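Participant: Pasting a structure here, questions to come.
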Amino acid sequence: MNKVAVIDYGMGNLHSVAKALEHVGKNTQVIVTSDAKTILSADRVIFPGVGAIRDCMAEIRRLGVDEIVQEAMQSKPLLAICVGMQALMERSEENNGVDCLGLAKGQVKLFANDASGAKPILREQDGELLKVPHMGWNIVEQCDQHPLWAGIENNTRFYFVHSYYISLGAEEKASGVSHYGVDFTAAFSKGNVFAVQFHPEKSQHGGLQLLSNFLTWDGAN
Amino acid sequence: MALAKRIIPCLDCEKGRVVKGVKFLDIRDAGDPVEIAKRYCDAGADEITFLDITASHEGRETTVHTVEAIAGQVFIPLTVGGGIRTIEDIRTMLNAGADKVAINTAAVFNPQLVREASARFGSQCIVVAMDAKKVSAEGESDRWEIFTHGGRKPTGIDAIEWAQRMVEYGAGEILLTSMDKDGTKSGFDLALNRAISNAVSVPIIASGGVGNLQDLVDGVVEGHADAVLAASIFHFGEFTIQQAKQYMAEKGITMRL
């Protein structure tokens, strides 16, 4: 039995990801939990997240999820999704600046040409005004042959919904990039960790394939 | 521009069945919501919106089960609306598997609900649905007002100001229905859409009035909509989702094909 723990720190809807994993997983047990022992005894871990980063980080620290994630990263495959991915970074611009876990090098930035504006204004190079949040299906260009991309065509569209994006540090390796006003990191990998800005659980065939790949991934590259 | 425009089929449901009315009246049965949602998803729908028009408590229980059933089989975003009045209602729908909830009447009577809900669950899952009707007289500059209770009650609130206020309160998206156009099959109210879309930073879903595929194109190109919602043209088999996406792509709109 393949045991997958979805870390529940009280933020947002974890049912979608749990249901999608159950849908693609044979002999898979999906547990939605915040219990450290359960998470660390699972074969694989999902670190999800939606909502505002300040609230997410507060709950992550209050429940000791920061230590759990750090430990899980050393020992088993971990998939971070959306704000879960952002939480791994050093710092986010959201909520007037929030320190994140610092488990990977990079910054979380607002989609805006003028970062000082209270109201995000984002334009394409040709002047087209872009809505924020970045919501919908966008192309992900794969930068490597990571096992989680197996069976997924390059430039497949995935479903995104976010107002902040990751600007990855030079030390880290992007696995996928997308473009919305700016080029941004849509996926990166680091040892046992694969992190995605999009929502695989909502991205139909490509997303389900990625989750299915995660369920058989041994954590190596 | 790489981000695709979205096609969102809408399931108006009553007591666990998909129905569709004309101008919110005259309801026709269109089938089982789980089956229909799955069919649309397989056909390439970019999202599904489920609007519960049931008023009774028993009906609401059915809705929760239906949402659970859809969410277990459909792996694209699912928005649930209709009768969402409290934080608890939102939590119930998110727990049942909805990715977003649409708040309509309750936002008008209690705007703080939008603020609280977006602070609690994140703006990305709070859609404010607004029903707008043109109230300016012939020759006056365009003006639209918000109506509630399925379009029956005027509120005196200006639609553009309302959209801006809802975004300020944390709405992550606006589902904009034209009361003048809904069910008429004569196209979206493009002036209304454009006015709202240009007034706010968040995505707009145009709704109400789609009769053919060119209407969808016009909604995006002239109405500046980020997504287009339609019900009857898909429910009654006039067009498939693939046909719609193909047509829009041929007209130069970025679509997920």
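Since every read-out is calculated from the coordinates, none of them should be taken as a lab result. Model, not experiment: these values are computed from the prediction. Please note: Cβ atoms are built from the backbone with ideal geometry, for glycine as well, and neighbour counts cover all protein chains shown.
Participant: What does the structure give for B:170-180 when I average, per residue, the other chain Cβ atoms found within 10 Å of the residue Cβ? Kindly include the intermediate steps, with their values, before the conclusion.
Facilitator: Details: counts 1, 0, 5, 4, 0, 0, 0, 0, 0, 0, 0.
So the per-residue partner count for this stretch is 1.
Participant: Mind checking which helices in chain B clear 18 Å along their axis (Cα) and have mean Kyte-Doolittle hydropathy of -1.0 or more, DSSP H runs only?
Facilitator: Helix filter hits for chain B: B:57-71.
Participant: So how far, in whole Å, is the C-alpha centre of region A:69-111 from the one of region A:23-56?
Facilitator: Rounded to whole Å, the Cα centres lie 16 Å apart.
Participant: Sticking with this structure for a sec: What order, most packed first, do the peptides B:151-159, B:175-183 have when packing is the mean number of other Cβ atoms within 10 Å of each residue?
Facilitator: Top to bottom by mean Cβ count within 10 Å: B:175-183, B:151-159.
Participant: For the protein assembly as shown, divide the Cα radius of gyration by the Kirkwood radius and give the resulting Rg/Rh value with two decimals.
Facilitator: Details: Rg = 21.5 Å, Rh = 22.5 Å.
Radius of gyration relative to Kirkwood radius: 0.95.
Participant: If amide hydrogens are placed 1.01 Å from N in the peptide plane, which non-local residues have theirs closer than 5 Å to the one on A:Val6?
Facilitator: For A:Val6, the qualifying residues are A:Ile31, A:Val32, A:Thr33, A:Ile46.
Participant: Also, quick follow-up: So, in Å, what gap is there between the alpha-carbon centers of region B:209-244 and region B:132-149?
Facilitator: Cα centroid to Cα centroid, the span is 23 Å.
Participant: Which of rounded, prolate, oblate describes region A:147-192, given a ≥ b ≥ c as roots of the alpha-carbon gyration tensor eigenvalues and a/c under 1.5 marking rounded, otherwise prolate only if a/b is larger than b/c?
Facilitator: oblate
Participant: What ranking, highest mean first, results for peptides B:44-53, A:86-95, A:27-36 when packing means the other Cβ atoms within 10 Å averaged over each residue?
Facilitator: Highest mean packing first, the order is B:44-53, A:86-95, A:27-36.
Participant: With a ≥ b ≥ c taken as the square roots of the eigenvalues of the C-alpha gyration tensor of region B:184-257, please select rounded if a/c is under 1.5 and otherwise prolate if a/b is larger than b/c or oblate if it is not?
Facilitator: Taking the square roots of the gyration eigenvalues as a ≥ b ≥ c, region B:184-257 is oblate.
Participant: Listed here are the pairs A:Lys26/B:Lys38; A:Lys131/B:Lys134; A:Lys26/A:Lys76; A:Lys76/A:Lys105; B:Lys38/B:Lys153; which of them are more than 29 Å apart at the Cα?
Facilitator: B:Lys38/B:Lys153
Participant: Can you pull the three principal axis extents for the Cα set of chain A, in Å, largest first?
Facilitator: 53, 39, 31
Participant: So, one more: For region A:132-145, take each phi angle, set θ = phi - 60°, evaluate the Karplus expression 6.51 cos²θ - 1.76 cosθ + 1.60, and give the result in whole Hz per residue in order, putting x for glycine and proline.
Facilitator: So the J values, rounded to whole Hz, are 10, x, 6, 10, x, 9, 10, 6, 10, 8, 7, 9, 8, 9.
Participant: On to the next question. Calculate log10 I(q)/I(0) of chain B for q = 0.09, 0.12 Å⁻¹, where I(q) comes from the Debye formula with a single equal point scatterer on each Cα and nothing for solvent.
Facilitator: These q points yield log10 I(q)/I(0) values of -0.34, -0.64.
Participant: Same structure again: Per DSSP H run of at least 4 residues, take -39500 (n - 2.57); add these up for the protein assembly as shown, divide by its residues and hand me the 222 nm value, nearest 500 deg cm²/dmol.
Facilitator: Here the helix-only value at 222 nm equals -9000 deg cm²/dmol.
Participant: Work out, in µm²/s and without decimals, the Stokes-Einstein translational diffusion coefficient of region A:104-221 at 4 °C, 1.567 mPa s, Rh from Kirkwood over C-alpha pairs.
Facilitator: In µm²/s, the coefficient is 87.
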